[in-house]
Amino acid sequence: MLTKTSAVLSDGTKISDLIYPDTREVQMRVLSDPEIYELEMEKIFGKTWVMLGHESEIPNSGDFIVRDMGSDSVIVARDKAGEVHVTLNVCPHRGMRVALTDCGNTQIHKCIYHGWAFRTNGDFVGSPVERECMHGKLLEKSELGLKKARSVLYGGLIFATWNIEGPSFEEFLGDAKWYYDMLFLRSDKGMEVLGPPQRFIVNANWKTAGEQSAADGFHTLTLHRWLGEVGNYSKKGEDEGEGADLSPEMIGVEVSSPHGHALRCIDLARKIRRLTGLNPDELSVQEKLKALPPAGMTQDMIDQLANNLSEDQLKVLTSMPPQVGGMFPNILFGFVYIPQPDGSVVGSMTMHTYIPRGPNKLEFCNWIFAEKDAPAELREKMLKQTIQLFGTSGMVEQDDSDTWPHMTLSAKGAMGKHMTLKYQAMFETGAPEGWPGPGIVNEGFTKDDTQWHWWLYWNELMNAE
Amino acid sequence: MQHAEEKSLDISQGPYVPVGSAEYSAVVTFLYEEAALLDQLRLNEWGNRLATDLVYTAPLRHTRLGVDHAQSFVRSVQHFHDDYRSVMGRILRLSGKSAWAEDPPSRTRRLVTNVLVRETENPDELDVTSYVLMTRSRFSEHHVDIISFERRDVLRKQADGGFKLAKREAILDQSVLGTANLAVFL
């Protein structure tokens with residue numbers, strides 16, 4: 001039952017009553033309630049732009065991949081003209097899935113059940129035994145195609161929405177686009193996947209992962225504490241704190257948006273100091289780029305940056321680059337600088353989506369990227385390193401995927417579901433002086449604001465008509 | 001089916017070491033001991049059995065049509081893409097204080113069967129394929145995660161009559177894994 005002002009659950013609880021703006025709390029019921037989950041499929045995944053993959057996964061005419069928009073399977077296919085189309089993977093005849101494989105190449109998608117056939121853009125071609133007209137005469141052929149989603153490419157990333165008349169993708173990104181462009185639009189040739197995504201199931205509500213990707217900095221200190229205890233992160237320069245203390249990594253600038261997007265821009269000065277022995281305050285933008293190219297780029301590639309980014313963006317990229325964060329509702333990105341045994345740095349470029357698979361289940365989907373013109377040796381290093389740290393067997397993210405199921409279980413308790421998630425660590429700083437970028441910006445040690453803004457947008461969408 | 005035969009092409013075609021022979025038994029003993037070490041969390045002892053030029057991988061799997069079966073094995077992005085150094089790094093982490101993905105540890109059983117051993121061009125090395133059904137129990141969950149895979153190993157003979165693991169490719173069966181991570185070795 002829905003009212004104009006607020007979605008109401010069957011026991012009379014308003015969804016907006018589960019969010020406490022004055023104390024910045026969220027009632028844990030939202031992590032387990034099946035009714036809320038069903039509403040999310042309509043009001044969140046049916047309305048926002050959803051990431052499905054990258055166009056480099058389907059380079060040739062006829063290539064297709066099968067992906068998920070919320071709880072719906074979709075076909076993402078490239079046509080003869082090179083355009084990418086997203087269509088619902090449901091045969092309009094009797095509801096059979098049309099594409100049954102993870103990927104493939106075909107100009108005609110033919111349903112195995114009764115043989116209805118569709119083009120890469122979803123248009124209905126025909127049904128078997130044309131003269132018998134299995135598809136009848138009540139509807140025009142033009143009405144019998146696969147349902148088409150609205151799609152867009154951004155830096156080659158494929159996004160789609162069922163909200164045909166809704167906000168444009170640029171409006172959806174809003175102020176955060178200025179920052180995302182530094183990651184996805186920075187190079188001349190753009191980025192590409194190093195292979196298909198890793199996929200695995202976590203028995204947790206999708207929002208446990210979704211809210212974390214809205215730039216949860218604090219969890220790194222404790223959950224990922226091992227980074228400071230063993231391995232290359234534990235080796236610190238002088239005056240940088242000892243051993244397990246990861247707190248210097250918590251300092252930077254955090255950006256959030258009214259649309260729930262979030263980025264952690266982490267201070268690069270320490271890394272530059274360690275690599276060059278120079279004072280980063282005395283280095284020009286070019287010198288800093290040369291000392292430490294953006295994650296995934298080489299010195300040879302840094303001249304491209306000025307072709308694609310503004311001076312202001314370059315300033316941020318060389319002092320406080322966005323390194324981790326998310327895009328609402330279920331995307332995480334990591335463009336991180338990983339220290340190597342020899343003291344150098346190798347970048348990792350990774351993106352995840354957390355696909356809802358029911359109130360208590362999500363599918364973790366992990367793509368690994370490199371710049372198209374990155375040298376082969378760097379790509380190989382990035383591929384291995386990223387697999388070893390992130391995704392299925394990743395030593396960092398193993399710990400995350402073992403945490404979210406417990407939160408989901410907690411949210412099922414008769415008492416537990418009334419407990420709250422708290423986002424009460426609040427910035428009192430604002431943007432650094434002279435900060436050139438837009439958005440809601442705060443500097444200093446990480447806080448909860450970005451995640452709280454994520455929930456505010458969730459609440460807004462859940463209560464929208 | 002015709003295409004089903006293509007799958008075996010990337011397995012060595014050397015002559016089989018007869019099932020039940022002394023060499024075969026030595027290989028099976030190595031695999032059983034290895035399973036016990038891993039299931040008993042004796043990771044450092046397991047690490048001692050790895051060759052320093054180890055290649056340790058686990059391809060992704062795709063659901064493909066029968067004619068495209070060979071492409072159901074994805075070796076670009078994989079679930080594991082490791083070497084000796086990185087595997088020892090994983091052991092170091094898991095032996096530390098804060099590896100929460102496996103602390104408390106999973107209770108695992110690695111059931112190793114269908115062992116076939118072939119000679120290779122290198123007299124010191126054997127190609128060993130086996131099937132593994134691994135069960136993984138965590139916390140008080142009553143169900144266990146089932147991780148099923150085929151191992152394609154290269155074992156290298158040692159002077160003392162034992163073996164070291166020089167190569168392992170774990171070919172998982174699921175295109176979407178039913179376990180929350182691979183913080184356990186395959």
### Task
Could you order peptides B:106-114, A:74-82 by the average number of other Cβ atoms within 10 Å of their residues, highest first?
A:74-82, B:106-114
### Task
For an R0 of 25 angstrom, estimate the FRET efficiency from the Cβ-Cβ distance between A:Met41 and A:Asp17 and round to the nearest 0.05.
0.75
### For residues of B:78-84, the mean tally of beta carbons on other chains within 10 Å
5
### Message
Strictly under 4.7 angstrom between C-beta atoms: which cysteines of the protein assembly as shown have no such partner?
### Response
A:Cys103, A:Cys133, A:Cys265, A:Cys365
#### Entry: Qualifying GluC sites (Glu not before Pro) for the stretch B:89-186 [loop in DSSP, other Cβ within 10 Å: at most 14]
B:Glu121, B:Glu141
### Query
For the stretch A:415-446, which GluC sites (Glu not before Pro) are in a loop by DSSP, counting at most 10 other Cβ atoms within 10 Å?
A:Glu428, A:Glu433
### Cα-based shape type of the stretch B:34-88, given that a ≥ b ≥ c are square roots of the gyration tensor eigenvalues and the cut on a/c is 1.5
prolate
#### Entry: Entries in A:Lys290/A:Lys381; A:Lys384/B:Lys164; A:Lys47/A:Lys177; A:Lys80/A:Lys147; A:Lys43/A:Lys80; A:Lys384/A:Lys422 that, when Cα-Cα distance is taken, lie over 28 Å
A:Lys43/A:Lys80; A:Lys384/A:Lys422
#### Entry: Relative contact order (%) - the stretch A:1-117, alpha-carbon pairs under 8 angstrom, separation at least six
14 percent
### Query
Rounded, prolate or oblate: which fits the stretch B:58-186, taking a ≥ b ≥ c as square roots of the Cα gyration tensor eigenvalues, rounded meaning a/c under 1.5, else prolate when a/b beats b/c?
oblate
### Query
Roughly how many Å is it from the Cα centre of the stretch A:166-231 to that of the stretch B:34-88, as a whole number?
26 Å
### Message
Let me check I have the definition right: for the stretch A:248-335, take the eigenvalues of the Cα gyration tensor, multiply each by 5, take square roots. What are those semi-axes in whole Å, largest first?
### Response
24, 15, 11
### Query
So how far apart, in nm, are the two label points at B:Asp160 and A:Ser247 if each is 7 Å from Cα heading toward Cβ?
4.7 nm
### Length-normalised contact order of chain A in % [C-alpha pairs under 8 Å, at least 6 apart]
21 percent
### Query
Roughly how many nanometres apart are two label points built 7 Å out from the Cα toward the Cβ at A:Asp342 and A:Arg150?
5.0 nm
### Query
Assuming R0 = 30 Å, what is the FRET efficiency of A:Ala81 and A:Asp312, from their Cβ-Cβ distance, to the nearest 0.05?
0.25
### Task
Take the alpha carbon atoms of the stretch A:99-159, find their center, do the same for the stretch A:348-409, and report the distance between the two centers in whole angstrom.
32 Å
### Task
Using only atoms on other chains, find how many Cβ atoms lie within 10 Å of each Cβ of peptide A:197-204 and report the average.
6
### Residue exposure sequence - A:Cys133, A:Cys365 - by fewest surrounding Cβ within 10 Å
A:Cys133, A:Cys365
### Summary
Of A:318-329, A:114-125, ordering from highest average Cβ density within 10 Å down gives A:318-329, A:114-125
### Computed magnitude of the charge dipole of the protein assembly as shown (debye, nearest 20; Cβ of K, R +1, Cβ of D, E -1)
1380 debye
### Message
Using a 7 Å offset from Cα along Cα-Cβ at A:Val8, what residues in the stretch A:440-465 end up with backbone N under 16 Å from the label point?
### Response
A:463-465
### Query
Quick one: net charge of A:Ile164's neighbours, Cβ under 12 Å, K/R +1, D/E -1?
+3
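To the nearest whole number, what is the average tally of beta carbon atoms from other chains within 10 Å of the beta carbons of peptide B:134-145? Can you show the working numbers first?
On the way: counts 0, 0, 0, 0, 2, 4, 1, 3, 0, 1, 0, 2.
Mean number of neighbouring Cβ atoms from other chains: 1.
For A:Met96 and A:Glu171, what is the calculated FRET efficiency with R₀ set at 30 Å and r taken between the beta-carbons, to the nearest 0.05?
So, using R0 = 30 Å, E works out to roughly 0.25.
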### Message
Which trypsin sites (Lys or Arg not before Pro) in the stretch A:136-229 sit in a loop by DSSP (not H, G, I, E or B) and have at most 14 other Cβ atoms within 10 Å of their own Cβ?
### Response
A:Lys137, A:Lys147, A:Lys189
### Message
So if I restrict to the alpha-carbon atoms in chain A, what is the Rg, and what is Dmax, the biggest pairwise distance, in Å?
### Response
23.3, 82
## Note on the structure
Per principal axis, largest first, the Cα atoms of the stretch A:50-162 extend in Å by 46, 26, 23
### Query
Does the stretch B:115-172 come out rounded, prolate or oblate by the C-alpha gyration tensor, with a ≥ b ≥ c the root eigenvalues, rounded set by a/c under 1.5 and, if not, prolate when a/b is larger than b/c and oblate if not?
prolate
### Query
For chain A, with the dipole built from +1 on Lys and Arg beta-carbon atoms and -1 on Asp and Glu ones, taken about the Cα centre, which of A:Ser168, A:Pro359, A:Leu305 lies farthest toward the positive end?
A:Pro359
### Task
Calculate the spin-label point distance for B:Ser148 paired with B:Leu111, positioning each point 7 Å from the Cα along the beta-carbon direction, and give it in nanometres.
1.0 nm
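Sorted from fewest to most neighbouring beta carbons within 10 Å, what does the list A:Glu55, A:Glu83 look like?
Ascending number of Cβ neighbours within 10 Å: A:Glu83, A:Glu55.
Just so you know, all these numbers are worked out from the coordinates, no wet-lab data involved. Keep in mind it's a predicted model, so treat the numbers as computed, not measured. Cβ: placed from backbone, ideal geometry, glycine included. Neighbour counts: every protein chain shown.
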